[in-house]
Amino acid sequence: MTERCRQETFVTQIGNRKDEPFHAVSTPVYFSTAFRHTEISSNEGYDYSRCGSPTRDVLEEAVAQLEYGDKAFATASGMAAVHLVFSLFHKNTHFISSRDIYGGNYRLFAMLQDKYGFEFTYWEGDCYDTLASNIKENTQAIFIESPTNPLMRTVDLVKVSNIAKQYDLLLIVDNTLYTPLIQQPIKEGADIVIHSATKYLAGHNDVLAGLVIAKGEKLSKQLAFLHQSIGTVLSPYDCFSLIRGIKTLALRMEKQESNAKQIVPYLQQHPLVTDVYYPGRGGMVSFEILDEVYAPLFLKAVQLFTFAESLGGVESFITYPVTQTHMDIPEEIRNAYGLSNRLLRISAGIEHANDLIADLNQAFDLIVKEDVKQT
């Protein structure tokens, strides 16, 4: 397979021609935690599965290539991936982060602040002059979600990377919502890319996984040491399942994006919707309902959409961030940057778009009928 074939071709071919002894098309799962040595001090590739696994190697090599990185590291969850990256830094380090971030990241950052004296300045993401003004003597990295979760704001990564390079800072980008099929942050100047691979990459709501991709020999060596030493590794079977999920990523993303783009205009014209947030690509849509009292009624009324916390799977999900994914962010902080109690987040699946819109429509109709009853 050529190294620079199109992404759709590459993801389909992951693992093929990797099993030379038996020519298996699907990557075998090597469950063994230990590997036999033939003599003292021999290095035949593998010794203990925390340090390396043939199945994990196939996944990591493929993901590194997808993201235009030099080395990738598969972890036990998306949060494990974030924690692995922040293990690079020493106490009392200052970071600049997207203001609108996943609530789990906010929770982790608060813990790192308390335990290690890490300091976080949150940047709104729409004024690049203020980004530079937040840099301090002890600033070492900029952490960006683009699009952000759940307000779907995008960032000009080239502008941010130029600022990071000017001040000798690392640029870390969470690429979960766009995936490498839509956006390759390393090509735009990022040093490290993070994925909650549980989401679009796995794609079936049945694998918990994270990924870290690094550019450059120094960073790759540092992360390799931490990955092995901390032990935040993904099991061989989960690596196999993730490979299998990535093989259909292009097909799924095309359908999910198509569904999202049909849901957006429907929401925009609905009288019970005040605002719709869509970044222009991908399968994620957030919207604000007219009154927060409607939210529980709406969530109870949907039938095809599953009221659940995750995203990126083949099934369409709807999430209420303030009580689920972002509940650990204090309400006054959420309100200050626009995450209101009226906001709902949709992850479009691969169902027929007309059926999804019909489900939303009947849920809105039930709210209207309930209002009529009460009046």
Q268-A224 FRET efficiency (beta carbon distance; Förster radius 51 Å; 0.05 resolution):
0.65
Between the range 190-227 and the range 3-82, the Cα center-to-center distance that results, in Å
13
Would you mind working out the magnitude of the charge dipole of the chain relative to its Cα centre, with +1 at each Lys and Arg C-beta and -1 at each Asp and Glu C-beta, to the nearest 20 Debye?
480
List the lysines whose Cα lies under 16 Å from the Cα of K136, skipping any in the same chain that are fewer than 8 positions away.
K91, K165
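Return S53, S235 ranked ascending by Cβ neighbour count within 10 Å, so the fewest neighbours appear first.
Details: S53 25, S235 19.
By the 10 Å Cβ count, ascending: S235, S53.
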Ranking M152, M284 by Cβ neighbours within 10 Å, fewest first, what do you get?
M152, M284
Note to self, the chain gives a 222 nm [θ] from helices alone (DSSP H runs n ≥ 4, -39500 (n - 2.57) apiece, / all residues, nearest 500) of -11500 deg cm²/dmol
Most exposed first by the Cβ proxy, i.e. fewest other Cβ within 10 Å, how do H227, H195 rank?
H227, H195
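Where a number appears in this text, it was derived from the coordinates with a stated rule and is not lab data. Owing to the predicted nature of the structure, the values given are computational and were not obtained by experimental measurement. Please note: Cβ atoms are built from the backbone with ideal geometry, for glycine as well, and neighbour counts cover all protein chains shown.
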